[in-house]
Each structure stands twice: as C-alpha cells, then as structure tokens.
Amino acid sequence: MSASTNGRSGAPIGLWVGIAVVLQLGHLIAVSSTLGSPRQLLLVHDAAGWSAGLLAVFGTVAAVLAFGRGDYLRKVWAGFASGALLSLVSTALRSYWLHAVPDVPFTESPLLPLRVVVVVLANISTTYALILLAMTYRQSGLQPPSSARTYLLWGLMAVAALAVGGPPLVTEARHLGASSTLTYSAIIIIASTLADMATILLVVPILRVAYMLRGGRLAWVWWAMGISGAVWLAYDAREWLPVVLPGEPTHAMELLRTLRTSGLALLGLAGWLQRSALAPQHEAPADAALQASSGTP
C-alpha cells in the first residue's frame, strides 16, 4: 500500500474548516480595529501570517506523508509543501525585523536580498505544483471535454490575469535598476505577480475537475484548491479594487490584504482533505480513477 494512512485522517476536517473561518474573521476584525494604528496593524498582519502559514505547512506536509515514494500526487504536494515552507520563512524574516528593529522599514533591511531569493523559490515551487495538479486529470484519464463554455472561461481568466498582473508588472519593471532597494522589491513583486497570474489561469482546469468529481471525497480537495486560487485573485486586486469600493481606499486595501489568510489556510485544508480522502472507505468511480493515476491503490 503506497499511501501511508491507516484509516485516520489525522484531524477532523470540520475542525480545520472552523479554524480557517475563525482565522479569516479574526484577521478581518483585528485589522478593522487597528486601521488608525500603523504599528498595531503590522503586528496583526504578522500574527495572521504566522497562523495561516503554519496551517499551510502542516496541511501540505500531511498530504505529502500520505503518499509513498513514486506516487504522482506526492510530487504535487511536495511542491505545495515547499512553497508553503518557503512562504513561512519569508514571514519569519519580516517578523524578525518587525520585532528586532521596529523603527526601520523592512525595505531598508539587510535581510531583503535573502527574502528575494526565498520569495522567488516559493513562487516557483507553488506554480510548479499547481501545474502538476492541473495536469492530474490527464494522468487519470478523466480529461473533461472541451466546449465553448470552457474556452470562454479560459478567455475570461486570461483577461483577469492580465488585468490583475499587467499594471504591477509594468510599474515594477520600471523600478529595476533604479536602486538596490527598489530592484529587490520589484523582483519580489514581479515573481509573486507572475505566479499569481499562473494561478488565475489554472483555476479553470482545477475547478472543472472538482465539478466532475462532485459527490466524491476527492472533489473537496479540488474545490479547496480552486477557491484558494479565487481568493488569491481578489487578493491580487487589492491595488486597484479599493478605488471602486466605498470608504477610504487605503483602509479597503488593508482589509483585502487579510485574504492572504484564507489563501494559505485553504491550502492547508486541501492538504488535510487529500489525506482524509485516502482513508480506506467506499470510493466513487471518479475518485478511484484519479487515485489510481497517482499510484495510490
């Protein structure tokens, strides 16, 4: 048996869902109450980053350990786990500077070049894992048929990706070479933006498979990943979406920034859902075919 499960999912899925909801609501409420205090606002984002980041690492690592060597989905979840761990390292770097040198912006920190490397690697790992995940349906023989609706969705997502990622890419490209600080910051934003644009495009095949697997246990894994991608879409729009929202744009931007918590927490939840789906129970035919493609009996 290649999956190292023994019928126990490791933690009730309902508990994970509850934790994710509480974290998001707590982050949103805390930000709303500290909008007038920049220092407190940074501390709130810092605490939320640690909480959601640890959930993402814990959940994705659990999914990795649920598979044996050579399983296709082990490679997928290893990519997600690497990205989640590197993202947590990035959070740790910013958190250390926030508490050690509170009066100096992180953009002036000597740790900035190290964070550039960490963020770029994190985005490469996550994007690679998403591509592998989106290709899983082909490995399983469950490739959804193409249709006019499919092409329309691809077109809409491509437009959304360009709308969300195009402006920051153009802006940050102009900052390259201007100064060391601006160049490092630009590289971080460009790497994150390109990865997020890829995520937006990959939401379509991921949600299509989730729809095909509806009613099966594996469907929830794909729904969690798809919703996570949709959340990152809203998060990436935080630079221009506040302009069309009521209230102070800077406040709206900070509230949208809290969506990072849901994006990370949903990734961790997807990992636990994947682990739970491997528990020996009666499986829907589509679930069995998808698991067979990963080498899981």
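Each reported figure results from applying straightforward, stated rules to the coordinates on display, with no laboratory input. All figures in this text were calculated on a predicted structure; none of them were measured in a lab. Methodologically, a virtual Cβ is constructed for each residue, glycine included, from the backbone with ideal geometry; neighbour enumeration extends over all protein chains shown.
Quick rundown of the values:
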item	result
Alpha-carbon centroids, the stretch 223-284 and the stretch 47-76: separation in whole Å	16
Gain on full stretching of the segment that runs from Asp46 to Met253 - 0.36 nm per residue minus C-alpha separation	72.9 nm
Contour minus Cα-Cα distance for Tyr151 and Val101 (0.36 nm per residue)	12.9 nm
Dipole of the stretch 63-179 [Lys/Arg +1, Asp/Glu -1 at C-beta], most positive-end residue of Gly79, Ser109, Ala122	Gly79
Peptides ranked, highest mean first, by Cβ atoms within 10 Å: ranges 227-239, 93-105, 178-190	227-239, 178-190, 93-105
Mean shadow area of the stretch 13-293, taken as a quarter of the surface of its Cα convex hull (nm²)	15.6
